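See below for the structure under consideration.
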């Protein structure tokens with residue numbers, strides 16, 4: 001396997017929602033240009049953990065974080081501005097959420113926050129992003145149509161293009177295909193495989209088949225008797241799904257509990 | 001036992017009936033206002049009878065754009081004697097009056113009016129050659145007397161002249177048994193003409209026999225009790241000049257039907273506190289008031305709503321503010337008027353002015369704007385906000401670029417409600433806006449809004465038709481403001497869509 | 001999730017049962033074939049040959065059930081390994097069944113007074129019994145899903161190989177022959193010996209797949 005550098009280093013991460021301990025002592029590393037899947041039963045904190053990487057938990061009141069996450073060696077909570085962080089770490093959500101604007105303006109929204117572009121520059125950026133998201137051919141003739149007039153699968157690819165337009169290093173995906181039909185799902189999955197050559201992707205999914213299809217590394221989370229989420233094991237996807245080290249992982253992937 | 005399907009059908013019919021009734025009532029009210037606004041009938045009484053056009057051997061014309069369509073003999077006489085300097089008393093036009101007479105017709109006209117030629121000439125009439133008439137442009141305020149059959153340019157229109165009167169012995173108009181005939185309507189006049197009336201008591205008058213006297217014996221009317229005659233006005237005057245007493249004319253009910261709201265009225269400025277002229281200044285003042293109020297209350301209200309939704313922490317203070325807003329929404333408008341009087345007119349020394357009125361109205365509409373804006377802001381999908389923040393936008397950027405555009409429709413409806421309230425407000429503005437009908441020169445000018453005008457028309461005793469035409473204008477104004485505000489917003493949306 | 005667990009276990013149990021059925025039938029065939037040859041029991045021999053049909057049927061059933069499970073359950077881990085191993089094992093088992101019926105066929109031939117016949121046939125019976133014993137060990141390891149036991153069983157393949165060397169020796173030194181039939185018979189003994197030795201290899205393969213089920217390794221044994 002390629003000798004990829006370590007992009008994210010998570011050490012002893014703990015998270016509280018008010019008094020409730022949501023995540024306990026998480027330690028893991030994310031390699032660059034890889035796809036990492038977070039799997040586990042509902043409520044185990046995998047989406048919460050995903051949101052730690054771009055500090056979206058900051059938007060919720062009463063959230064407290066202990067431990068460190070370093071992006072390329074920089075602590076993202078102490079030494080980095082959330083806005084700068086989110087420029088490098090983008091996110092695609094479970095339910096497609098295009099802005100009620102034209103397709104063009106949707107994609108241009110992100111870049112315009114940081115710099116003033118000329119019309120020609122903007123067109124170039126938008127085209128590149130839409131092409132990377134495999135949407136350009138379908139919408140190039142109607143860029144001024146409202147983004148919400150697209151189908152579900154197209155909307156999700158639009159959201160992906162929107163994220164790609166700011167040229168992040170990392171793309172976080174929170175169950176990106178759970179609201180889509182199988183064909184749209186397959187398209188997004190094949191996109192993930194293509195995109196990993198240029199980006200690092202972390203995907204939360206409750207669909208194990210999806211995790212085994214697209215990811216290189218898989219991290220398995222569980223919830224303990226105190227309703228606190230923790231990391232059980234993580235490693236190469238082939239290993240996790242072929243012969244996991246931990247019996248709890250074995251039981252989960254065999255469908256012994258949901 | 002009614003089964004569920006039948007019950008369902010019955011309820012649907014009931015609902016349909018109720019909504020139909022509501023729409024019908026609405027249409028009725030609107031229809032009535034539109035009708036009265038556009039078409040009025042004024043009831044007055046006048047001396048001359050409504051007859052068919054008299055046979056004159058000259059022709060009378062008025063300026064094309066004048067509203068004079070007919071004249072009675074008495075008015076014409078006054079014109080000839082130079083007593084009429086301005087047409088205001090006859091029509092709503094504030095124009096000076098000029099009488100033009102073609103040279104050849106002077107003597108005819110003079111004898112018709114029972115005046116001497118010298119009297120006519122001495123009272124600054126203008127003598128006119130038909131050829132010179134083409135020089136006179138569309139000025140109003142001219143009456144032209146010309147030869148019969150003369151070709152007159154299109155600047156003038158023909159005027160009907162009525163000169164018949166009903167002459168009665170003054171016994172007919174005495175008070176009798178607490179009753180008195182002051183005027184008769186068309187039907188009663190007809191009956192008289194057809195000899196159907198034998199006794200004046202049939203017309204609510206005294207118990208006297210009605211005796212018809214032909215015109216050439218009009219002098220008899222002065223001596224016979226209960227007698228009457230249909231005569232020319234000139235005969236009546238001549239009889240009076242000859243010293244015949246006890247001659248009176250019985251007034252006739254005169255209904256002037258006509259267009260109430262004219263384009264001219266809309267676009268002319270108001271003069272002499274609304275007695276004359278048009279209404280454009282008042283409309284303009286109303287629009288100024290609305291714009292100023294929205295400029296003040298809009299940003300304040302939207303800003304407060306943004307604060308409440310996005311920034312305020314849940315707690316006692318936020319609850320306190322919300323309660324305060326609700327309270328403010330329920331306060332009667334007259335109290336705002338009083339507050340405005342004390343605070344803006346007196347304390348801040350703005351006096352009766354646009355700014356006092358706007359500030360008062362702003363306070364009144366602020367709760368509405370805050371509430372509707374709050375609802376609109378809350379209804380924005382949280383996912384959109386997440387999406388924007390995840391791209392690196394700050395809270396303010398997200399509000400400005402995503403939340404506000406998404407909630408613009410809701411906010412706009414609040415603004416439109418406020419506009420409607422401002423335009424329709426009377427009580428609060430009476431104490432603060434002023435009452436001048438002139439165009440406001442700056443925000444410190446006193447002025448009057450359209451709804452105030454309606455109120456003041458009634459209290460100042462102006463014709464009620466004006467009230468209806470103002471009311472119609474008010475409705476149209478509100479409609480126009482609503483439609484244009486919506487169109488502007490839609491255009492803004494489209495601009496946002498396109499690149 | 002309880003219901004799902006039971007369902008999954010039930011489906012795997014069914015598959016496992018099919019596998020064990022196949023295994024048992026093959027064991028029976030080997031032993032019965034050996035006995036038939038030893039006792040010249042034509043009837044028993046024919047039974048063995050006939051029952052090979054059922055072993056083939058079972059192999060198809062196992063394969064079909066495996067496909068069904070893979071499609072519907074998308075299994076992972078131990079579950080998946082079990083199914084894949086089962087498919088591989090059942091191929092080997094079917095081979096073993098064939099070899100058992102070939103052995104049984106010997107009993108249907110006419111007996112001979114040739115002394116070499118006696119010696120060879122006795123050795124063949126012993127060899128077949130050794131196969132059966134080794135197989136028994138593999139079956140136990142499968143039922144217990146024990147990798148260490150499987151490794152031990154695989155070592156017994158050496159014994160089977162030694163048997164073959166011994167019998168080959170006897171066959172090579174068994175000249176001269178009176179008739180063509182006798183020479184033909186020697187060829188037949190040779191092939192059967194080869195097949196009985198192959199049986200040992202196949203049992204070793206089965207042991208490998210047992211280890212695969214347990215821990216996913218596929219070690220080189222022997």
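Bear in mind that the values in this text are calculations on the coordinates, not laboratory data. Everything numeric in this text was worked out from a predicted model, so none of it was measured. Cβ sites come from the backbone with ideal geometry, for glycine too, and all protein chains shown count toward neighbours.
Taking every pair of Cα atoms in the protein assembly as shown, average 1/r, invert it to obtain the Kirkwood radius, and report Rg/Rh to two decimals.
1.35
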Self-check item: In degrees, nearest ten, helix B:450-460 long axis to first principal axis of chain B (Cα)
Solution: 40
Quiz prompt | Additional length obtainable on full extension of the chain from residue B:170 to residue B:11, 0.36 nm per residue less Cα span | solution = 50.3 nm
Self-check item: Rounded Å value of the spacing that divides the Cα centres of the stretch A:18-69 and the stretch C:162-222
Solution: 60
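Could you order peptides B:17-27, C:128-138 by the average number of other Cβ atoms within 10 Å of their residues, highest first? Don't skip to the end; give the middle numbers.
Numbers: B:17-27: 10.0, C:128-138: 21.3.
Descending packing order for the listed peptides: C:128-138, B:17-27.
Partner chain Cβ atoms within 10 Å, averaged over the residues of A:238-246 - can you pull that number for me? Intermediate results must be reported in sequence, preceding the final value.
Numbers: counts 0, 1, 2, 5, 6, 10, 3, 0, 0.
Average neighbour count from other chains, rounded to a whole number: 3.
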Quiz prompt | Using alpha-carbon coordinates, inclination of helix C:77-106 to the longest axis of chain C, degrees | solution = 20
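Normalising by the residue count of the stretch A:141-215, find the relative contact order in percent from Cα pairs under 8 Å and 6+ residues apart. Write down the numbers at each step before the final one.
Details: 50 pairs, mean separation 24.9, N = 75.
That works out to 33 percent.
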Practice problem: Report, in whole Å, the centroid distance computed from the Cα atoms of the stretch B:432-474 and the stretch B:68-103. | Solution: 29
Quiz item: Once a ≥ b ≥ c are taken as the square roots of the eigenvalues of the Cα gyration tensor of chain B, is the result rounded (a/c under 1.5), prolate (a/b larger than b/c) or oblate (a/b not larger than b/c)?
Solution: prolate
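Shape of the stretch A:1-82 from its Cα gyration tensor (a ≥ b ≥ c, root eigenvalues): rounded if a/c is under 1.5, otherwise prolate when a/b > b/c, or oblate? Walk me through the numbers on the way to the answer.
Numbers: a/c = 2.12, a/b = 1.39, b/c = 1.53.
It comes out oblate by the Cα gyration axes.
For chain A, what Kirkwood radius comes out of the mean inverse Cα-Cα distance, in Å? Could you put the intermediate results ahead of the total?
Values: mean 1/r = 0.0527 Å⁻¹.
This gives a value of 19.0 Å.
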Exercise. Place a label point 7 angstrom from the Cα of residue B:157 along the Cα-to-Cβ direction, then list the residues of the stretch B:253-271 whose backbone nitrogen is under 18 Å away.
Key: B:256-268
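Hey, with R₀ at 30 Å, roughly what FRET efficiency would residue A:248 and residue A:81 work out to, going by the Cβ-Cβ distance, to 0.05?
Working: r = 38 Å, r/R0 = 1.28.
Calculated transfer efficiency: 0.20.
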Exercise. Report the residue, chosen from A:182, A:111, A:244, that carries the largest GNM mean-square fluctuation when chain A is represented by alpha-carbon nodes joined by springs under 10 Å.
Key: A:182
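For residue C:50 and residue C:159, what is the calculated FRET efficiency with R₀ set at 51 Å and r taken between the beta-carbons, to the nearest 0.05?
Given R0 = 51 Å and the Cβ-Cβ separation, E is 0.95.
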Practice problem: Over the whole of B:391-401, what's the average partner chain Cβ count within 10 Å per residue? Rounded to a whole number, please. | Solution: 5
Quiz item: Relative to the longest principal axis of chain C, what angle (0 to 90°, nearest 10) does the C-alpha long axis of helix C:180-215 take?
Solution: 20
Practice problem: Rank C:17, C:181, C:51 by mean-square fluctuation in a GNM of chain C with C-alpha springs under 10 angstrom and give only the top-ranked residue. | Solution: C:181
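Per residue, how big is the convex hull around the C-alpha atoms of the stretch B:399-490? Give it to me in cubic angstrom, could you? The partial results should precede the final answer.
Details: hull volume 11.4 nm³, N = 92.
Taking the convex hull of the Cα positions in the stretch B:399-490, it is 124 Å³ per residue.
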Quiz item: Which whole number gives the average, over all residues in B:483-489, of C-beta atoms from other chains lying within 10 Å of the residue C-beta?
Solution: 0
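Nearest 500 deg cm²/dmol is fine: what mean residue ellipticity at 222 nm does chain B get from its DSSP H runs of n ≥ 4 alone, each adding -39,500 (n - 2.57), divided by its residue count? Walk me through the numbers before you get to the answer.
Details: 17 runs with 232 residues, N = 499.
The per-residue figure over chain B is -15000 deg cm²/dmol.
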Quiz prompt | Considering only the protein assembly as shown, percent of DSSP beta bridges that pair antiparallel, nearest 5 | solution = 65
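Shape verdict for the stretch A:37-179, please, from the Cα gyration tensor: rounded (a/c under 1.5), prolate (a/b greater than b/c) or oblate. It would help to have the intermediate numbers written out before the result.
Working: a/c = 2.41, a/b = 1.50, b/c = 1.60.
Verdict is oblate for the stretch A:37-179.
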Self-check item: Where labels lie 7 Å past Cα in the beta-carbon direction, separation of residue B:476 and residue C:169 in nm
Solution: 12.8
Self-check item: Two-site label geometry, residue B:348 and residue B:44: point separation in nm, points 7 Å out along Cα→Cβ
Solution: 4.6
Exercise. Please find, in a Gaussian network model of chain C (springs between Cα atoms separated by less than 10 Å), the residue of C:15, C:177, C:54 whose mean-square fluctuation is greatest.
Key: C:177
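Only helical DSSP H runs with n ≥ 4 go in: add -39500 (n - 2.57) per run for chain A, normalise by residue count and round the 222 nm mean residue ellipticity to 500 deg cm²/dmol. Present the calculation step by step, with values, prior to reporting the outcome.
Numbers: 10 runs with 92 residues, N = 258.
Helices in chain A give a 222 nm mean residue ellipticity of -10000 deg cm²/dmol.
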Quiz item: For chain B, what is the percent of antiparallel DSSP beta bridges, rounded to the nearest 5?
Solution: 70
Exercise. Calculate the spin-label point distance for residue B:65 paired with residue B:280, positioning each point 7 Å from the Cα along the beta-carbon direction, and give it in nanometres.
Key: 1.0
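Please find the FRET efficiency linking residue C:148 to residue A:64, where r is the Cβ-Cβ separation and R0 is fixed at 41 Å, and quote it to the nearest 0.05. All intermediate terms of the calculation are to be shown ahead of the outcome.
Working: r = 50 Å, r/R0 = 1.22.
In this case the efficiency is close to 0.25.
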Exercise. Using only C-alpha positions, report the orientation-averaged shadow area of the convex hull of the stretch A:175-258, nm², one decimal.
Key: 6.2
